[in-house]
Amino acid sequence: MGILDAEEVQRLYDRRAGHYDVLTLAFHALGFGRHQEQLVAELGLSEGAVVIDLCCGTGVNLAELSSAVGSRGTVIGVDLSEGMLAEAKERVRAADLANVRLVQADVRDYQLPDEAAAVLSTFGLEMVPAYDEVIERAAERLPTDARIGLLGLKHPESWPGWLVEAGVAATKPFGVSRDYEDFKPWVAADRHFERRSLREHFAGAAYSYVGEKARSPTYLEGGEP
Ligand SMILES: C[S@@+](CC[C@H](N)C(=O)[O-])C[C@H]1O[C@@H](n2cnc3c(N)ncnc32)[C@H](O)[C@@H]1O
């Protein structure tokens with residue numbers, strides 16, 4: 001299948017959108033849902049904050065984020081796929097999440113709003129070829145101490161080859177292939193944020209990362225903030 005460009009991603013996820021939540025039930029049963037919830041908690045969101053969910057898909061994180069920032073806060077879900085966003089919109093309507101906005105955009109082009117206080121992305125950035133640029137721009141826009149939370153699949157270095165192949169086959173409907181093996185958003189995040197935590201799940205087949213925007217070295221050295 002190879003590395004998908006934005007149009008291919010859009011087409012693939014528009015096709016999958018109606019079944020995405022059912023297709024991913026097994027992954028939730030394996031514990032991914034718990035990792036997503038923990039990641040949201042680790043963002044340390046306060047009431048009234050603005051948080052961005054990059055590659056939000058059908059909106060699995062939105063209810064959790066919405067309740068963390070409260071009625072004075074805002075959650076912005078960003079995704080390329082109109083089909084996935086239509087599912088997210090329905091989720092927002094059904095749960096009456098009045099503080100959630102959805103934006104159709106490529107995360108590569110999306111500019112975080114000035115007020116953004118945190119960024120989250122689950123099972124998204126490891127399939128975005130420009131992930132380093134996206135993370136770097138987030139670091140530039142976010143205020144000091146703001147957090148980024150990432151959860152995603154990674155190449156399980158210690159798995160036997162046949163098991164890796166089985167894992168890739170199971171995730172192929174979502175566009176996953178071995179061509180993404182070298183995509184490492186948590187490594188990029190380490191270049192632009194100060195790491196707060198990095199955990200591996202399923203013997204290295206997935207990871208959770210939380211980073212915090214550090215004060216600039218100039219500031220620490222007593223220069224201009
Ligand atoms: C595997 S789904 C994950 C959805 C959701 N975050 C979750 O945890 O279930 C990947 C999502 O990333 C979106 N996506 C992939 N590349 C993107 C890009 N460059 N810009 C915006 N969205 C993108 C896809 O449309 C899809 O909805």
Among the candidates Ala88, Ala63, Ala26, which residue alone is in contact with a Cys (Cβ under 9 Å, 6 or more places away or on another chain) and over 17 Å from Ala146 (Cα atoms)? Ala88
Working only within the range 134-178, note down all residues that are basic (Lys, Arg) and not in a loop (DSSP other than H, G, I, E, B). Arg137, Arg141, Arg147, Lys172, Arg178
Being outside any helix (DSSP H, G or I) and closer than 20 Å to Ala138 by Cβ is the filter; apply it to the range 35-47 and report the residue that is farthest from the ligand (Cβ to nearest atom). Ser46
Being modelled with pLDDT of 95 or more, in a loop (DSSP other than H, G, I, E, B) and more than 8 Å from the ligand (Cβ to nearest atom) is the requirement here; does Arg72 meet it? yes
What's the number of the condition Thr58 fails, among (1) assigned to a helix (DSSP H, G or I); (2) within 11 Å of the ligand (Cβ to nearest atom); (3) at pLDDT 95 or above; (4) not small (Gly, Ala, Ser)? (1)
Checked the range 1-36 for anything surrounded by 13 or more Cβ atoms within 10 Å (Cβ to Cβ), among the acidic types (Asp, Glu) and over 15 Å from Arg91 (Cβ atoms); matches are Glu8, Asp14
Of all residues making up the range 75-84, the number that are more than 8 Å from the ligand (Cβ to nearest atom) and not β-branched (Val, Ile, Thr): 3
Among the residues of the range 10-19, what is the count of those that are at pLDDT below 95 and under 16 Å from the mean Cα position of the chain (by Cα)? 0
Could you list, in sequence order, all residues of the range 93-127 that are free of Cβ contacts under 8 Å to residues at least 60 places away in the same chain, part of a helix (DSSP H, G or I) and surrounded by 21 or more Cβ atoms within 10 Å (Cβ to Cβ)? Glu126
Would you point out the residue of the range 13-34, among those that are more than 10 Å from the ligand (Cβ to nearest atom) and either part of a loop (DSSP other than H, G, I, E, B) or in contact with a strand residue (DSSP E or B) (Cβ under 6 Å, 6 or more places away or on another chain) (or both), that is nearest to Ser197 (Cα to Cα)? Gly31
Can you name the residue in the range 160-214 that is within 20 Å of Leu45 (Cα to Cα) and either at pLDDT below 95 or acidic (Asp, Glu) (or both) and, of all such residues, is nearest to the chain's Cα centre (by Cα)? Glu212
Quick one: would you say Pro129 is at pLDDT 90 or above and within 24 Å of Ala26 (Cα to Cα)? no
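Residue by residue, here is whether (1) within 14 Å of the ligand (Cβ to nearest atom); (2) charged (D, E, K, R); (3) more than 17 Å from Glu212 (Cβ to Cβ); (4) touching a strand residue (DSSP E or B) at 6+ places or on another chain (Cβ under 9 Å) holds:
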site	(1), (2), (3), (4)
Leu97	no, no, yes, yes
Ala117	no, no, no, yes
Glu126	yes, yes, yes, yes
Val134	yes, no, yes, yes
Ala138	yes, no, no, yes
Asp145	no, yes, no, yes
Trp162	no, no, yes, no
Lys172	yes, yes, yes, no
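The values are calculated or read from the model by the stated rules, or taken from the named source; none is laboratory data. Bear in mind the structure is a predicted one, so any value in this text is a computation, not a measurement. Cβ atoms come from the backbone with ideal geometry, glycine included; neighbour counts cover every protein chain shown.
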